[in-house]
Structures are given as structure tokens and as C-alpha cells.
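Here's the structure, in C-alpha cells; my notes come after.
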Amino acid sequence: MMKVTQRLLGPVTLLLLALTFWMGLWVTPPDKVQGNLVRLLYVHPPIAWVALYVSFGTATIASCLYLWRRTRSDAMDRIAHCAMEISVVFIVLTLVTGSIWGRPTWGVWWAWDARLTSTAILGVFALAYLALRRANDDPTVRARRSAVFAILTAINVPIIHFSVVWWKTLHQGASVLTSTGQLNVHGSMLWTMLIGFVGFTLLFFWLLRERYRLEVSRDARVRTRVDEALATRRSEGA
Amino acid sequence: MIRVAWLVAVKDLRIEARSRVLLWQVLPFGVIALLLAGLALGPAQAGTSSAGPGLFYLVTLFVTLLMINRSQSLENAPGTRASVATLGLDPAGVFLGKALALTVELWVSGLVLLGGSVLLLHTALTGTLEALPSILVTLATLASAGTLYGALTQGGDGPATLLPVLTLPAFAPLLIAGERSFSAALHGGALWEWWVVVVVALVAYCAVGILLYGVLEES
């Protein structure tokens, strides 16, 4: 069952993403106010959802599990690392798609808006996490420090989420689902957006699985090289 | 925990008092940086500009980075960390002690830089005194966050260059909050809203430090 799910993950992800693009570009109507610019909103919020909540949530949970003695394992450290790497890609995509939408809407590519700025800061945090990993060669030291840093970084996520409420700057507040739980989007527009959310979430898990596999094989190769080097040394000594 | 914190803080401050790195290296650097900031604005702007609080916090950021590195390097002598580890001190106490010592050092440098700001950038003295409590709390928050991030960078490759990369995103909201409350004290505005941000951050960093500093010490 697990194997079938894993095998289907890739094709289902591609199918949902293709469906999102098809519905977003051809099926849905232009918006009354924004015109065709609204089509960008079928990908921007789902990408931001993955960047801020799914990938950072995965990295934080995996880091917490690594620091907890009962669940400490290399796998948790690898998951946190891979999720953080993917989050960098999604944060960049969030900022780029937001910027493309912002230019015709707000008149500028970049505004010093609370949400934009806090998201950019989160991107720097993610890059700093990767820099921290590269600075330590000892796997245990690297894993522990990275886990602590990931937890510290996660403090920024609720700040980004509530930034539109606390500071009321340019970026709009919750527009799909209101604070009272009411849906503000209708018909094909809503379905396109929902499919986008599921598709991009699955894309994250697909990328995470592939990146994790790569990391496991890389670790195995390093271990083999170390073993070979030790064997060569021993044979030289003998 | 409190006793260990007190011992560590006194130890760090004694080393600082004897080595006088803060007095002869960090403070002159801070004053020079403030002077350069004034020169960058130009003689006409420096005296009338509202950039005083921002420049004060920018220079404070540089000083804080230097002091964090200094604070962490106190245990860098060969065998010192291992010796400290064998004492079995409570890591939460060690964190609080190092943060407390760094807070005192930042308060000293902050007071000197505020004097420089009043003198060189003509920041209003009454407004500066009104902002003083919020500045002291912001510096304490920077110290607690800096102690935590400083411990993350020790022992790896290039801790001096890695530290700004790790701390700047974390310091950004603190510096913005500090600058806004300083500006509010000078020119009027919502002082308390930014105070709350800084105090919440101080409590959060102290809590995380108490909980997780042991993990960093182990590594």
C-alpha cells in the first residue's frame, strides 16, 4: 500500500498541477476588478502556503523530534534539512510571483510591506540555516545546532501570518477564508485554487521524498569513502 | 540556576574589566561609527535629521555583534569548554549568566552611544531620557538573543562571519521595534506598542535559551 502511494505521488502531483494551470488559464473567467491578473492568484497563495506553513512546519516538527531523545534519529535531521532546502525555493517563488502581481496592482515590484518584509526575512533565515549546516563538519553538532536554529526560525512564521492584521500595510488580509470561516471565492475560481493548494502540497512531499533519498545515498557514499580510506591506511600500515 | 547565572555573569564581567576590550576597542569603534554616520548625513542634515534613533541602533548592531563574538570567545582557550563541562553547571544558569553579562556590557556601550548621539546628531536629551527604559530593554533582548545565536556559531567554520548571517534576520524586528519606540519618544507616537514587541521577544528568547542552551553546550 505504502509503495503504491509513493509510486503514485509523482504522477498525481503532475496531474493536479497541470489541472491547476489548465483551469487557471482557460476555464476560469477574468476577475471583475483585476482582469486576467487574477490568474496569478491560483498559484501564489498555494506556493506561499507551502513555503510558510508546510515546509517550515515539517522542518520545525522534524527538528523538535530530533531534539527529543526518544525520537532522535538521523532521519529527522535529514527531513528537517531537506524541508528547509525546499522552503528556500518556495519562498523565492512566493516573492517572485507576488512581485509580478504587485507591479501592475501596486505600481511597484517591491514594497516595504509588513508581510513582504517578514517573508523575505524568513527566506534569509532559511539561507542562514543552510549556512549553519555547512559550517559544522561533525554530524551530531550540525544536527543539534540546526535543530535549535530551525525552532528559533519558526517563531517568525506566526509573525508573518498575523502581520497583515497587526500592521495593516499594503498586503491584503485573509481573502479566501475570512476570520468568521466564510468562503469569499466561488465556483470554478474556488476549485482551481483548492486544486492548486493540494497540488503544490503534494509537490512539496514529492520533492521532499526525492531529496531525502538523495541525502541518504550521499551519506552512504561518504561512509563508503571513509571506510575505503581507512582500509587503505590499514593496508599501508600492515 | 540563579546562583550559577550570577557566578557566570560575574566571571564574564571580571574578565571584561581586566581585559578592557569593551573600553579600548569596542567603544572607540562605536563612537567612530557614529561619527561616520553623522559625516554620511552631512553637516546640514546631521544636526536636524530624524535619523538619530536609526543610526543609534545601526551602530548598536555592530557593537552587539562584536560583543557577542567576544562573549563566546572567552571560553575558546584550549580545554576551557571541556573544563567548564566537567563542572556540571546548569546550562540554563550558564545561558542566563552569559546573557546578563552581555546585557550589562551592552548597557554601558548603549549609554556611551546615546551620549554620542545627543552630542553629534543633536538628538533631543529629554526624548532620549524618555526612551531610555525601552532602549535598555531592547539591549537586554539583543543580549539574550545574541547569547543563543553566539552559542550556535562557536566551534564551526568562520564563526565571526556566520554570526551576522544568523543574527541579522532575528535582530531586524528587535531593531525596528527599538527604533520606533525611540522615535516615538522623540517625536510623539505609540511608544507602548513597540515596547510590548520587545518585552515579548525578551521573554521568548529567555525561555528558549533556558530550555535549549543545554543542547548547544552538549554539542
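A few remarks follow.
- Entirely in the stretch B:120-219, the helices (runs of 4 or more DSSP H) that have 3 or more residues that are of a type in the set (S, T, N, Q): B:125-153, B:159-187
- Flag: B:Ser134 does not match the condition of being without any contact (Cβ under 8 Å) to a residue 12 or more places away in the chain and more than 12 Å from the chain's Cα centre (by Cα).
- In the set (1) away from every other protein chain (no Cβ under 13 Å); (2) surrounded by 19 or more Cβ atoms within 10 Å (Cβ to Cβ); (3) free of Cβ contacts under 8 Å to residues at least 60 places away in the same chain, the condition left unmet by A:His81 is number (3).
- Residue match in the stretch B:157-168 (condition: surrounded by fewer than 22 Cβ atoms within 10 Å (Cβ to Cβ), of a type in the set (Gly, Ala, Ser), free of Cβ contacts under 8 Å to residues at least 24 places away in the same chain and within 14 Å of chain A (Cβ to nearest Cβ)): yes
Yes/no matrix, rows are residues, columns are (1) in a loop (DSSP other than H, G, I, E, B); (2) facing chain B (nearest Cβ under 10 Å); (3) within 23 Å of A:Arg78 (Cα to Cα):
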{"residue": "A:Ala126", "(1), (2), (3)": "no, yes, yes"}
{"residue": "A:Tyr129", "(1), (2), (3)": "no, yes, yes"}
{"residue": "A:Arg134", "(1), (2), (3)": "no, yes, yes"}
{"residue": "A:Arg144", "(1), (2), (3)": "no, yes, yes"}
{"residue": "A:Val148", "(1), (2), (3)": "no, yes, yes"}
{"residue": "A:Ile151", "(1), (2), (3)": "no, yes, yes"}
{"residue": "A:Ile160", "(1), (2), (3)": "no, no, no"}
{"residue": "A:Val164", "(1), (2), (3)": "no, no, no"}
{"residue": "A:Leu170", "(1), (2), (3)": "yes, no, no"}
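- The sole residue among B:Gly110, B:Gly115, B:Gly97, B:Gly93 that is on the phi < 0 side of the Ramachandran plot, assigned to a helix (DSSP H, G or I) and surrounded by fewer than 18 Cβ atoms within 10 Å (Cβ to Cβ) is B:Gly115.
- Residue under evaluation A:Leu194, criteria (1) in contact with a Ser or Thr (Cβ under 9 Å, 6 or more places away or on another chain); (2) more than 16 Å from A:Ala59 (Cβ to Cβ); (3) away from chain B (no Cβ under 14 Å), criterion not met: (1)
- Of everything in the stretch B:199-219 that is buried (at least 20 other Cβ atoms within 10 Å of the Cβ) and farther than 9 Å from B:Phe95 by Cα, the residue that is farthest from the other protein chains (Cβ to nearest Cβ) is B:Leu202.
- Qualifying residue in the stretch A:44-53 (condition: part of a helix (DSSP H, G or I), of a type in the set (Phe, Trp, Tyr), within 21 Å of the chain's Cα centre (by Cα) and within 20 Å of A:Val216 (Cα to Cα)): no
None of the figures in this text is laboratory data; all of them are computed from the coordinates on show. None of the values given here were measured: they were computed from a predicted structure. Quick reminder, even Gly has a Cβ in these numbers, built from the backbone with ideal geometry, and neighbours come from all protein chains shown.
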